[in-house]
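Here's the structure we're looking at; comments come further down.
The values are calculated or read from the model by the stated rules, or taken from the named source; none is laboratory data. Keep in mind that this is a model prediction, so the values were computed, not measured. As a convention, Cβ positions derive from the backbone with ideal geometry for all residues, glycine included, and neighbour counts pool all protein chains shown. Accessible surface is based on the protein model in full, side chains and every heavy atom, while ligands, DNA and RNA are left aside. Shrake-Rupley method; radii C 1.70, N 1.55, O 1.52, S 1.80 Å.
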Amino acid sequence: RRVRARDGVDPGLLTALVGVETFYGANTGTFPVFDALYTVVRKVPRRPAWAAKEAAAFLTMADRQGLDAHGVLGSYAGAFGFVQFEPSSYARFAVDFDGDGRTRLDQWPDALGSAAHYLVLARYDPKAAFDPASAIGRSLYAYNHSDDYVRVILDLRAAILARAAAPSLSAPAARPASP
């Protein structure tokens with residue numbers, strides 16, 4: 001609710017995004033981020049400049065946040081946290097939403113606030129339709145340049161909201177009034 005109040009980003013959309021990116025925070029990656037980026041620099045011929053830039057951004061972030069640069073785990077491509085930011089995205093979009101002086105993408109307030117901040121800067125419009133061609137769809141496309149990704153996020157949001165609105169199947173039945 002606080003993220004929506006600050007940025008106007010739909011909570012169902014953020015829930016869907018985190019669901020797709022990390023299975024709601026359960027799978028943030030198993031590769032040390034620095035090692036993953038270093039491997040790309042050394043072993044992926046078409047990506048060394050990109051990976052070197054990301055590695056530098058990562059080392060800067062780790063130093064500023066007081067983190068062990070070899071202890072942060074993420075994806076095989078160097079994305080990390082509940083919202084799977086690359087280090088350069090962290091540098092540009094991450095926010096200290098909980099105000100504790102640290103910006104941690106493995107903490108829900110900062111992760112959700114950072115994803116919302118990213119979408120807002122990518123021209124998310126809370127009045128737009130939840131459609132791939134709308135400002136919301138285009139902001140999701142900026143997050144991940146895939147039409148399929150945009151459709152999956154929007155479809156998952158709709159499913160989450162439908163399930164949240166449906167009566168619980170496991171709720172106990174109302175007890176009849178005693179005579």
Taking segment 151-167 as the search range and keeping residues that are over 18 Å from the mean Cα position of the chain (by Cα) and closer than 15 Å to Pro11 by Cβ, which one is surrounded by the most Cβ atoms within 10 Å (Cβ to Cβ)? Leu161
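Yes/no matrix, rows are residues, columns are (1) open to solvent by less than 40 Å² (accessible area, probe 1.4 Å); (2) over 20 Å from Glu54 (Cα atoms); (3) not aromatic (Phe, Trp, Tyr):
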{"position": "Ala79", "(1), (2), (3)": "yes, no, yes"}
{"position": "Phe97", "(1), (2), (3)": "yes, yes, no"}
{"position": "Leu105", "(1), (2), (3)": "yes, no, yes"}
{"position": "Pro109", "(1), (2), (3)": "no, yes, yes"}
{"position": "Ser114", "(1), (2), (3)": "yes, no, yes"}
{"position": "Asp125", "(1), (2), (3)": "no, yes, yes"}
{"position": "Asp131", "(1), (2), (3)": "no, yes, yes"}
{"position": "Arg138", "(1), (2), (3)": "no, yes, yes"}
{"position": "Ala142", "(1), (2), (3)": "yes, no, yes"}
Selection from segment 23-75 of residues hydrophobic (A, V, I, L, M, F, W, C), closer than 13 Å to Pro87 by Cα, open to solvent by 30 Å² or more (accessible area, probe 1.4 Å) and over 18 Å from the mean Cα position of the chain (by Cα) yields Phe34, Trp50, Ala52, Ala56, Leu59
Of all residues in segment 105-122, how many are out of contact with any Gly (no Cβ under 7 Å at 6 or more places or on another chain), assigned to a helix (DSSP H, G or I) and closer than 14 Å to Arg92 by Cα? 10
Find all pairs meeting these conditions: Cβ atoms under 9 angstrom apart; at least six residues apart or on different chains; first residue within segment 5-17 and among the β-branched types (Val, Ile, Thr); second residue surrounded by fewer than 18 Cβ atoms within 10 Å (Cβ to Cβ) and not in a helix (DSSP H, G or I). Val9/Pro126; Thr15/Tyr24
I'd like the full set of residues that are among the polar types (S, T, N, Q) and outside any loop (DSSP other than H, G, I, E, B), limited to segment 62-89. Gln65, Ser88, Ser89
